[in-house]
Structures are given as C-alpha cells and as structure tokens.
1. Among the residues of the range 43-62, is any in contact (Cβ under 8 Å) with a residue 40 or more places away in the chain, farther than 20 Å from Ile111 by Cβ and either in the same structural domain as Ile111 (by TED's automatic domain parsing) or touching a helix residue (DSSP H, G or I) at 6+ places or on another chain (Cβ under 9 Å) (or both)?
2. With respect to Thr42, determine if the residue is hydroxyl-bearing (Ser, Thr, Tyr) and in contact with a strand residue (DSSP E or B) (Cβ under 9 Å, 6 or more places away or on another chain).
3. Restricting attention to the range 50-59, does a residue exist that is of a type in the set (D, E, K, R), loosely packed, with under 15 Cβ neighbours inside 10 Å and not in a strand (DSSP E or B)?
4. For the condition within 17 Å of the chain's Cα centre (by Cα) and within 16 Å of Met6 (Cβ to Cβ), what is the one hit in Glu37, Glu70?
5. Residues of the range 79-112 being of a type in the set (Val, Ile, Thr) and either modelled with pLDDT under 65 or within 27 Å of Asp3 (Cβ to Cβ) (or both), which ones?
6. Go through the range 26-45 residue by residue and tally those that are within 19 Å of Arg57 (Cα to Cα) and surrounded by 15 or more Cβ atoms within 10 Å (Cβ to Cβ).
Amino acid sequence: MIDRHMHAAVEAAITQSAPLAITYVSALGERTERIVEPYDLTVTAAGNLIVRAMDRRSGAPRSFRLDRVELLVPVPGPCLLTRPHMEGEVVRAHLDDARAAAALERIRAEIEHMWSYGFCDDAMRWSPGDPIPAL
C-alpha cells in the first residue's frame with residue numbers, strides 16, 4: 001500500500017521542480033540511496049505507481065515503483081538535470097485554469113475522505129468519462 005504522504009510529497013516535488021533524496025529497494029532487495037529529480041508519476045496496468053525521475057548519480061532517467069521507496073526526503077535547491085521530452089507530454093506543474101485547480105482540490109478532498117474511511121458514500125456513482133459536476 002502506498003503511503004499517501006509519500007505520494008503527496010512526490011506530487012509536490014514534480015509541481016515545484018524540486019529534488020528528493022530516496023532510499024529505494026530494488027526487486028532483488030538491494031537498497032540504494034539516491035537523489036532524484038522527479039518529473040512524472042504514472043500508474044501501470046497492474047496498478048503500481050511509478051515515479052519517473054532523473055537520477056543525479058547516473059545523470060540518466062530512471063523509473064521507481066513508489067511502493068519500493070522506503071524513505072523520501074525533500075532536498076533543498078532546484079532540479080539541475082535536463083529531463084527527457086515525453087511524447088504527448090502534459091505539463092503538470094502549472095494549473096493556470098482556475099476550474100481545473102478547483103476540480104483537482106475537490107478530487108483530493110474526496111480521496112482524503114476515502115482514505116480516512118476506506119470508502120466513499122457515492123463511490124459507485126462516478127466512472128471515467130463522466131463529467132465532473134460543478135459545485
């Protein structure tokens with residue numbers, strides 16, 4: 001299970017273009033400490049959250065399963081490495097549209113409610129593709 005605070009910290013680092021120090025455990029059980037500059041957070045078909053980041057040690061892009069990150073600490077200062085361009089990239093760092101920002105805030109509040117109680121009162125009402133109603 002993903003720690004929601006760790007998830008939020010990665011989102012904040014992406015939004016603020018800020019580096020993170022992580023302790024990562026590979027699939028083989030090897031622990032490494034790295035400073036990374038995250039630029040994307042995606043979900044695999046299997047439901048794993050993947051952080052794509054520039055690794056300062058190698059200077060190359062790397063992918064990390066968030067559930068394998070044992071420790072995550074913000075690092076002062078800006079990102080220094082040039083990240084790769086992603087096909088069809090959507091810049092997540094700037095939400096210029098006030099409606100999009102408000103919708104994101106409503107979604108985060110609903111997720112907080114679900115995490116607190118393990119369910120949502122109307123969780124079955126919405127499905128992908130349905131419009132998000134204005135409040």
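1. Looking for residues that are in contact (Cβ under 8 Å) with a residue 40 or more places away in the chain, farther than 20 Å from Ile111 by Cβ and either in the same structural domain as Ile111 (by TED's automatic domain parsing) or touching a helix residue (DSSP H, G or I) at 6+ places or on another chain (Cβ under 9 Å) (or both), one finds none in the range 43-62, hence no.
2. Answer is yes for this residue.
3. Yes, the range 50-59 contains at least one residue that is of a type in the set (D, E, K, R), loosely packed, with under 15 Cβ neighbours inside 10 Å and not in a strand (DSSP E or B).
4. It is Glu70.
5. Result: Val90, Val91, Ile107, Ile111.
6. 7
The values are calculated or read from the model by the stated rules, or taken from the named source; none is laboratory data. Bear in mind that the values here come from a model prediction, so they are computed numbers and not experimental data. Virtual Cβ from ideal backbone geometry, glycine too; neighbours counted across all protein chains shown.
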